[in-house]
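Asks: Attaching a single structure in structure tokens format; questions to follow.
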Amino acid sequence: MANRIVVDPITRIEGHLRVEAKIEDGKIVDAYSSGTMVRGMELILKGRDPRDAWAFTERVCGVCTTVHALASVRTVENALDIKIPPNAELIRNMMFTSQLIQDHVIHFYHLHALDWVDVVSALKADPLETSKLAQSISNWPKSSVGYFKDLQKRLTGFVNSGQLGIFANGYWGHSAYKLPAEVNLIGVAHYLEALEWQKEIIKIHTIFGGKNPHPNYLVGGVPCSINIDEANAINAERLAMVGSLFEEAKQFVEQVYIPDLMAIASFYKDWGAIGGGLSNYMSFGDLPLNGYDDVSSYKFPRGIIMNRNLNEVVDIDLSDPEQIQEYISHSWYDYSGGDEQGLHPWKGETKLNYSGPKPPYDYLNVEEKYSWMKTPRWKGNAMEVGPLARMLVGYAAGKEEFKEVVDGALKALDVPVTALFSTLGRTAARGLETKLATKWSLEFFNQLLANIKNGDSRTFTKDKWEPETWPKEAKGVGLTEAPRGALSHWIVIKDKKIENYQLVVPSTWNASPRDHKGQRSAYEESLIGTPIADPDKPLEILRTIHSFDPCIACAVH
Amino acid sequence: MNEKPKTVYDDVKSNGHSRRDFLKFCSMMAAFMGIKSSGVGQVVEALETKPRIPIIWLHGQECTGCSESFIRSSHPIVADIILDKISLDYTETLMAASGHQAEASLKQTMEKYKGEYLLIVEGATTVGDGGVYCCIGGKTFENRLKEAAEGAKAIIAWGNCASAGGVQKANPNPTGAKAVHEIISGKPIINVQGCPPIAEVMAGVVVHLLVFERIPQLDAHGRPKAFYSRRVHDTCYRRPNFDAGLFVESFDDENAKRGYCLYKLGCKGPVTYNTCGVIKWNNGVSFPIQSGHPCIGCSEANFWDNGPFYQHLSQFPGFGIETTADKIGVGLGVATGVGIAAHAVTTNIRKRKLIQKSKKDDDDDS
Amino acid sequence: MEETVHKSPIKIKYIWELPVRFYHWLNALSIVVLCITGYIIGDPFAIQKGTEAYMNYWFGTVRFVHFAAGYIFFFNFVFRLYWGFVGNKYSRWYNYVPLKKAQWVEIWDVIKTDILQIKCKPIHSLGHNALADITYFFTFIAFVLQSLTGFGIYAAMSNSWFPKLFSWFVPLVGGDLAARQIHHILMWFFIIFAIIHVYLVFYHDYIERRGVTSSMIGGWKFVESEEEGEC
Ligand code: HEM
Ligand code: HEM
Ligand code: NFV
Ligand code: SF4
Ligand code: SF4
Ligand code: F3S
Ligand SMILES: [Mg+2]
């Protein structure tokens, strides 16, 4: 008999995610992923000024804050045919990369690390050995014996207080933890350092967008003006700060994040064969260098990989009504034309209709509808999106930078290319693209300086700002690559107001319930076959689910 | 692992002092604090039993932006807050335990520290259709909130969502979202407004509670006066341009490049109470207005429906975007003018008739 | 104070005492000033470019004039309220509050006569007619609201104790933006009231020839000895 376990709440993620899994002979044989909170953002957006939409959609998520704002201004610009100035593109790119870097670092240390790092075991580490180890893998200065000794003392005091706070009831001592005590101690040290550092890189948002979380965006460009002779605008001091923050980011990622990632991965190579799940990957691509319309200029290329075939990148056509569609046969919604059909987002509908068990409940009725997420499909196929998809598309497209970091990591870990299709591969891909992003950030930054030097300080296009200049009806799509993957916003504007607004979000692709044909999406599929040592302590489920970096506020919205 | 919290007494003990030393210390503290000897017992008890303050942080209908903001705090930095100042016993965003282990942590703190823990709420509470729009662990968020509020010493409502319902409460509020104070009564509730609030303000409120052990002074909307008693407009460094009548007319125009006032782009600074101009964001780096965007009023209840954002007053309910009171006023004014003209014409016709009639009467008389 | 002078066939009646007349014109003036400055505050024109803040203060001046006029307007209005209890019978408060049936009957009559122009019958009231009274009643309510919202939002930008007396009102309507919105909309009420009011004053003069217009200057109205008439 299969044993059905429930993990709810799944913690160390964004949002309200519930997983129900059937376990047989110590392995997961079926799994159900459910988003249990909805706000109805698509309904709230109706009838509003399209120029305001970015602020609403940005509040879909404060973790990947800005990516919805970016997709939103792009969808309006696409609908109204607005071209933004080159500086605005560069500033948006820098906000994109600083977001991606910060989010990935937070994910690795604060949301994912405790699946691999046993905090309690760190108490037993030898500070001298730890220091030696730390120095052997990185040049990061904070690695003296004294440093680790002090940290261990602080940690001991904390544990002895008996109030374990966020570490209480963790899975400490679980047989799936494999790291030596010294690596655990390094992990804890960098947990704290990363927590302190992440608040620095994000100041780039504050400079250009006034605050973080939830910096300001603007249809037609960016709100900040550049004037190097004025205290009240982006001037030399502000730019210098951006430059140093990116330099520090590069250092932190290269000297802390990547070495830790590789050190930890080397103890968990078996996870290079677990949690692979789907075999189709999709990336919309992003970081344009020559205007958003020139897809070939993107740093992250656009494309699809089918059946893990790394020899071919398939094209995506967004306006084709048969390509991207959302289904609701297992979601708590109604479609006016029947629940079995798929709707292209321009024709998308959002009508909440809960039909699950009355709370409090023990189990969801997974045969019927069981989630607030819709189920997106590409030509009827379930797709995985996210860092792994991006790295695979870049790799398959033959981009040098991608090949270099991916091959380098495979070689260092001594694993085959197929190890990419796994829980470990997903986690590694996230680190590797962070490394690329730190490098690209400085390119964008230098390009911005060059533009200003050449006398171009424009950051906003005014011509279509006034609603009088808009057509009576317009449709648009805005895309980006959010930290968690391919994000699209779809707008229909009528009489200067939002007639329809649909978001199809990375975590929706990955975490959605199965579709009308019973095909599982990425989370559910990737759990199949996962070994579970102790069904009472779902550590392995957390590892694979966390490798996607779930964001359920995003996924449901 | 030791489950019992370490108290001040334990500390004294572990430093090699006796119980007698400890009692001596307590009476000294009591004398210092002006407590008569009969009250010494209370002090002893307080110090013997006082652990780091336990905190339960609940997540409702939220974007987790408030959590993200909190971890941006620079003074104190968040690692120090959670390791040394508080015991963050439950928060879905950061806690190691999941599923029923997480639920056990929650229950443990609620029972063990009944009446002592601080409840922090992020996100709105949905009450629509029996609360099915937000369930955690199979229970509605509304239910969880009420349970946790029961034994809480005080409640902090983080951000616009918990303080006022936030973005999900914006028209048409599809899920019946509500603020904490609309659900819970009889407990002190501190509304730390903003979407999200500034990190240092969040940390500041926690520190206030820990150090001064009382609720900060609140304004009429339940916001701590220390951070919300002044309008953004009053501390805005662009204010001299406002008084001088120097306004940005459109984004990135000459005036924008000179840092003029953003009032005409819809700045809500004059109607928004927050400390953005003083503390600023992310350790004083900047704030929305400094980076060229008007304030959208994110620390005011209902700000989502006060838009559109690029007009300084709201659009008129029921009319199209860009329809302000002025447009309607001018329309009514013109209509009045036309009405008056028509009225004047008919009056004249009537009066002429009257004159003719009286002329006729006169003629008849003669 | 009330007296009737017999000068057949037309009587002259002293209706508006000096304080009422003084109040009226000060009120009219302050409202005109408040509407002009208020409109500018709501939608300032762009006249300056390429200059420094320290060299200009025009917007501050407009606002100062608005606040100063606001004080005058308010205390003048308070005075009028006082006079509503001590003045002559035409200025008493009960004229304005339609509590009696006769007042409602007259309101309907005036609507039929003046606005719909379907009936011709002279209106008997010597002060204001009842429709005018109820209009003024609403106007007075608008005065109150405008003062509450005006001083309410002013409380946040003033250090003086007086505006602070009004700060309780702002949270009651939902915050500063809502208060400002009401304040702004009421401006249009005053503008439209003023247009209609001034027109009606001249209209009544034209139709009734009782010297309504000048009555607000001299205080006297002319009344025919036998109040009658037909269309
Ligand atoms: C008939 C009377 C009044 C009219 C027509 C009037 C009209 C206006 C208008 C249209 C605005 C601009 C609102 C906006 O668009 O944001 C305004 C602002 C204002 N009014 Fe009045 N107002 C009147 C009386 C008062 C009074 C009695 C006060 C009390 C002091 C007052 C104080 C203010 C204040 C403080 C502002 C905001 C100024 C600023 O923030 O710069 N008003 N008024
Ligand atoms: C040419 C300009 C004006 C003239 C000739 C005028 C004349 C008059 C007259 C004759 C009355 C008495 C009405 C009656 O007997 O029914 C009156 C009352 C009144 N007027 Fe005017 N008016 C003028 C402008 C204004 C303005 C601009 C306002 C303000 C918006 C105003 C506000 C009032 C009020 C509130 C009353 C009621 C007075 C009271 O009973 O205390 N007037 N006016
Ligand atoms: N899924 C998702 Fe997001 C991301 N990355 C957005 O589009 O997290 Ni909140
Ligand atoms: S107040 Fe704003 S930042 Fe905080 S949870 Fe709500 S939407 Fe997110
Ligand atoms: S920018 Fe906004 S807050 Fe600053 S002075 Fe102008 S209106 Fe006030
Ligand atoms: S939008 Fe919010 S962040 Fe401050 S400047 Fe305005 S209150
Ligand atoms: Mg959607």
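Asks: Given Cα positions, please report Rg to Rh for region B:126-201, the hydrodynamic radius being the Kirkwood one.
Replies: Details: Rg = 12.6 Å, Rh = 12.9 Å.
With Rh from the inverse mean 1/r over Cα pairs, Rg/Rh is 0.97.
Asks: Could you work out which residue, out of C:Q103, C:Q117, C:Q146, moves most in a Gaussian network model of chain C, that is, has the largest mean-square fluctuation with Cα springs under 10 Å?
Replies: Checking each option, the largest mean-square fluctuation is seen for C:Q117.
Asks: Just need the Rg to Rh number for region A:369-414, please, alpha carbons only, Kirkwood Rh.
Replies: Ratio of gyration radius to Kirkwood radius for region A:369-414: 1.20.
Asks: Alpha carbon centre of region B:245-290 versus region A:36-76: separation in Å?
Replies: For region B:245-290 versus region A:36-76, the Cα centre distance is 23 Å.
Asks: Could you state the principal axis extents of the C-alpha atoms in chain A, from the largest down, to the nearest angstrom?
Replies: 69, 62, 48 Å, listed from the longest principal axis down.
Asks: In whole Å and largest first, what semi-axes does the C-alpha gyration tensor of region A:396-503 yield when each eigenvalue is scaled by 5 and square-rooted?
Replies: Semi-axes, largest first: 39, 24, 9 Å.
Asks: Under Stokes-Einstein, with the Kirkwood radius over Cα pairs standing in for Rh, what whole-number D in µm²/s applies to region A:236-385 at 4 °C and 1.567 mPa s?
Replies: Numbers: Rh = 19.9 Å.
Rounded, D is 65 µm²/s.
Asks: Could you let me know the centre-to-centre spacing of region A:458-534 and region A:149-188, using Cα atoms, in angstrom?
Replies: 39 Å
Asks: Could you tell me what percent of the accessible area of chain A is made up of carbon and sulfur, with a 1.4 Å probe and every protein chain present?
Replies: Heavy-atom surface of chain A belonging to carbon and sulfur, 1.4 Å probe: 49 percent.
Asks: If you don't mind, another one. In region C:88-228, if every C-alpha pair distance is counted and binned at 10 Å from zero, what percent goes to each bin?
Replies: The calculated distribution, bin by bin, is 10, 31, 29, 18, 10, 2.
Asks: Additional query: Which ³J(HN,Hα) values in Hz, rounded to whole numbers, follow from the phi angles of region A:293-308 under the Karplus curve 6.51 cos²θ - 1.76 cosθ + 1.60, where θ = phi - 60° and Gly and Pro get x?
Replies: 6, 8, 4, 5, 8, 5, 6, 8, x, 8, x, 10, 10, 9, 6, 6
Asks: Can I ask one more? Place +1 on the Cβ of every Lys and Arg and -1 on the Cβ of every Asp and Glu in region A:235-278, take the dipole about the Cα centre, and give the residue among A:S244, A:F267, A:G277 whose Cα lies farthest towards its positive end.
Replies: A:G277
Asks: With springs only between Cα atoms under 10 Å apart, run a GNM on chain C and tell me which of C:F74, C:F189, C:F140 wobbles the most.
Replies: C:F189
Asks: Using the Kirkwood formula over every pair of different C-alpha atoms, what hydrodynamic radius in Å results for region A:430-469?
Replies: On the way: mean 1/r = 0.0780 Å⁻¹.
With all distinct Cα pairs of region A:430-469 included, I get 12.8 Å.
Asks: Once you mark the GluC sites (Glu not before Pro) that are in a DSSP loop and have at most 14 other Cβ atoms within 10 Å, what is the longest gap between them in chain A?
Replies: Formally, the longest exposed-site-free interval is A:1-229.
Asks: In Å, what Rg and Dmax follow from the Cα atoms of region B:172-240?
Replies: Gyration radius and largest Cα-Cα distance of region B:172-240: 14.6, 44 Å.
Asks: Determine how many Å³ per residue the convex hull of the Cα atoms of the protein assembly as shown encloses.
Replies: Given the Cα convex hull of the protein assembly as shown, per-residue volume reads 210 Å³.
Asks: Probe radius 1.4 Å, ligands and nucleic acids left out: which of A:K46, A:K199 has the largest accessible area, and how do the rest follow?
Replies: Of A:K46, A:K199, the descending order of accessible area is A:K46, A:K199.
Asks: If only Cα atoms are counted, what is the Rg of region B:232-365, and what is its Dmax, in Å?
Replies: Using the Cα atoms of region B:232-365, the pair Rg, Dmax is 26.2, 96 Å.
Asks: Could you tell me how far the Cα centroid of region C:168-214 sits from the Cα centroid of region C:39-117, in Å?
Replies: 6 Å
Asks: Moving on. Under a 1.4 angstrom probe, counting protein chains only, how are B:L118, A:L128 ranked by accessible area, largest first? Please report the intermediate quantities before stating the final value.
Replies: Details: B:L118 10, A:L128 85 Å².
In descending accessible area the options line up as A:L128, B:L118.
Asks: Right, another one. Given +1 on the Cβ of Lys and Arg, -1 on the Cβ of Asp and Glu, and no further charges, what dipole in debye does region C:88-228 carry about its Cα centre, rounded to the nearest 20?
Replies: With only Lys, Arg, Asp and Glu charged at Cβ, the dipole is about 360 debye.
Asks: Would you grab the residues whose amide H sits under 5 Å from the one on A:K27? Only those 5+ places off in sequence or on another chain, please, with H modelled 1.01 Å from N.
Replies: Residues meeting the criterion, in which the H sits 1.01 Å from N, are A:I532.
Asks: Distance in nm between label sites at C:I217 and A:T156, each 7 Å beyond Cα in the beta-carbon direction?
Replies: Result for the modelled spin labels: 9.9 nm.
Asks: For region A:39-106, state what percent of all Cα-Cα pairs lands in each successive 10 Å bin, counting from 0 Å until the bin that includes the largest distance.
Replies: For region A:39-106, the pair-distance distribution reads 19, 48, 28, 5.
Asks: Starting from the amide H of C:I12, placed 1.01 Å from N in the peptide plane, find each other amide H under 5 Å away whose residue is 5 or more places distant or on another chain.
Replies: For C:I12, the qualifying residues are C:V5, C:K7, C:V223.
Asks: Quick one: of the DSSP bridges fully inside the protein assembly as shown, what percent are antiparallel, nearest 5?
Replies: Of all bridge pairs located within the protein assembly as shown, approximately 70 percent are antiparallel.
Asks: Which value, in Å² and to the nearest 10, is the accessible area of B:H208 when all protein chains are kept and the probe is 1.4 Å?
Replies: 40 Å²
Asks: Here's something else I'd like to know. Find the eigenvalues of the gyration tensor of the Cα atoms of region A:65-216, then list the square roots of 5 times those eigenvalues as equivalent ellipsoid semi-axes, largest first, in whole angstrom.
Replies: Here the semi-axes work out to 40, 17, 13 Å.
Asks: May I pose another question? Treat region B:165-297 as a sphere of radius equal to its Kirkwood radius over Cα pairs and apply Stokes-Einstein at 4 °C in a medium of 1.567 mPa s; give the translational diffusion coefficient in µm²/s, rounded to a whole number. Don't jump to the answer; show the numbers that get you there.
Replies: On the way: Rh = 16.5 Å.
D, rounded to a whole number, is 79 µm²/s.
Asks: Ignoring ligands and nucleic acids, what accessible area does C:F138 show with a 1.4 Å probe (Å², nearest 10)?
Replies: Answer for C:F138: close to 110 Å² accessible.
Asks: Let me ask another. Could you pull the accessible area for C:R180 with a 1.4 Å probe, rounded to 10 Å²?
Replies: For C:R180, the solvent-accessible surface is approximately 40 Å².
The values are calculated or read from the model by the stated rules, or taken from the named source; none is laboratory data. Remember, predicted model here, so these are calculated numbers, not experimental data. Virtual Cβ from ideal backbone geometry, glycine too; neighbours counted across all protein chains shown. Note: accessible area is taken over every heavy atom of the protein model, side chains too, but ligands, DNA and RNA are not part of it. Shrake-Rupley method; radii C 1.70, N 1.55, O 1.52, S 1.80 Å.
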